[in-house]
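Report on the following structure.
The values are calculated or read from the model by the stated rules, or taken from the named source; none is laboratory data. What you see is a predicted model, and the numbers here were worked out from it, not measured in a lab. Don't worry about glycine lacking a Cβ; one is built from the backbone with ideal geometry, like all the others, and counts go over all protein chains shown.
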Amino acid sequence: MECVSADTLVRPDTTTDETTENDTPKFFHYVKKNKIAESAVMGTHVVALCGEVFPVTKSAKPGSPVCPDCKKIYEMMKKD
């Protein structure tokens with residue numbers, strides 16, 4: 001993944017209202033990388049590219065489902 005700015009974007013987490021019945025996240029969202037650790041340690045909320053607001057509680061694994069809105073926004077940012 002190519003860096004588009006100093007605020008590297010990654011897909012770390014999902015909201016609690018998007019989990020499936022077995023607690024597996026439905027989607028993972030793109031957020032600013034520098035906010036992930038702060039959220040995980042302090043419990044603060046992050047804002048995803050799609051506007052979803054949530055605390056970081058889980059890390060995405062390769063191949064995890066990505067929020068389609070975040071992915072679309074991220075792809076547009078990469079083109080600029």
Residues (out of contact with any Phe, Trp or Tyr (no Cβ under 7 Å at 6 or more places or on another chain) and modelled with pLDDT of 90 or more) located in the range 56-70: Pro68, Asp69
For Tyr30: the one exception among (1) more than 24 Å from Lys79 (Cβ to Cβ); (2) at pLDDT 90 or above: (1)
Close pairs from the range 40-60: first outside any strand (DSSP E or B), partner of a type in the set (Phe, Trp, Tyr), Cβ under 7 Å, at least 6 apart: Ala48/Tyr30; Leu49/Tyr30; Leu49/Tyr74; Ala60/Phe28
Per-region count, the range 38-58, residues more than 22 Å from Met77 (Cβ to Cβ), surrounded by fewer than 15 Cβ atoms within 10 Å (Cβ to Cβ) and small (Gly, Ala, Ser): 1
Residues of the range 69-80 satisfying the condition of being of a type outside the set (Lys, Arg) and either within 10 Å of Tyr30 (Cα to Cα) or in contact with a Ser or Thr (Cβ under 9 Å, 6 or more places away or on another chain) (or both): Asp69, Cys70, Ile73, Tyr74, Met77
Yes/no for Thr14 being among the polar types (S, T, N, Q), at pLDDT below 85 and under 14 Å from the mean Cα position of the chain (by Cα): yes
